[in-house]
Amino acid sequence: MTAIAFDAETYLVAPGILTPRLVCASIAPESSYVAVLLDAAGARTWFDGWIESDALIVGANVAYDLGVMAADDPARLPGIFRALEEGRVYDVLIAQALDAIAKGHLNKDPRTGGPLQDPESGKRSDRYSLDITVDLVLGRTDAKARDFWRLRYGILEGLPIEEWPEEAQRYPLDDARNTLDVYIAQVNGRPGAAP
């Protein structure tokens, strides 16, 4: 089964709006290993094609991304549920937490025995975020190095992607590639990776 990392960027989550409006998305197919940034229209087209395919969608907190796409068009719900039933959805963060449970170190850094920590800020964490998982699985601390735009995509809506600042283009591409890299390590059983 072909794996494709998918990540949606949206307006901010707000009270009563847990699946805000889609602004753009990034994909990174395992077959080409090249991340691609899609505007909202391109993301919709790609996602609708994915629903009809047999490809595996890989994400980090992928339930959010699926929810965003379902809120964007509720007609996608049957296809999303079909993909879930067929086992065509994989979340690298859930896989890492399940692996930690199996090995007896949930919410602990298996390298130190101490609590999980954000690799950039050093703050303790009680969840497996993409930056923590990239650190644990790949030994890299740069997963969120360019996250200035992470909470600002709403202000870019309507502006062609090629006119976005380079960092705004780079962040979603990094997310898709980091997610794909973690997935590959996890399924290949690399040290620190979930099986």
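Does ALA100 satisfy being surrounded by 15 or more Cβ atoms within 10 Å (Cβ to Cβ), outside any loop (DSSP other than H, G, I, E, B) and in contact with a helix residue (DSSP H, G or I) (Cβ under 7 Å, 6 or more places away or on another chain)? Criteria not met by ALA100. Of the residues making up region 27-83, not one is touching a strand residue (DSSP E or B) at 6+ places or on another chain (Cβ under 6 Å), open to solvent by 60 Å² or more (accessible area, probe 1.4 Å) and assigned to a helix (DSSP H, G or I). Restricting attention to region 115-149 and to residues that are open to solvent by 40 Å² or more (accessible area, probe 1.4 Å) and in contact (Cβ under 8 Å) with a residue 40 or more places away in the chain, the residue that is nearest to GLU9 (Cα to Cα) turns out to be LEU138. Look at (1) within 18 Å of VAL182 (Cα to Cα); (2) touching a Cys at 6+ places or on another chain (Cβ under 9 Å); (3) not β-branched (Val, Ile, Thr) and you find that LEU136 fails only one, number (2).
Residue-by-condition table, conditions (1) hydroxyl-bearing (Ser, Thr, Tyr); (2) touching a residue at least 24 places away in the same chain (Cβ under 8 Å); (3) under 21 Å from ARG140 (Cβ atoms):
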residue: GLY67; (1), (2), (3): no, yes, no
residue: ALA70; (1), (2), (3): no, yes, no
residue: PRO74; (1), (2), (3): no, no, no
residue: GLY79; (1), (2), (3): no, yes, no
residue: TYR90; (1), (2), (3): yes, yes, yes
residue: ALA95; (1), (2), (3): no, yes, yes
residue: ILE101; (1), (2), (3): no, no, no
residue: HIS105; (1), (2), (3): no, no, yes
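The values are calculated or read from the model by the stated rules, or taken from the named source; none is laboratory data. These numbers were taken from a predicted model, which means no experiment stands behind them. Glycine gets a Cβ as well: all are built from the backbone with ideal geometry, and neighbour counts include every protein chain shown. In case anyone asks, the SASA skips ligands and DNA or RNA and just uses the protein heavy atoms, side chains included. Shrake-Rupley method; radii C 1.70, N 1.55, O 1.52, S 1.80 Å.
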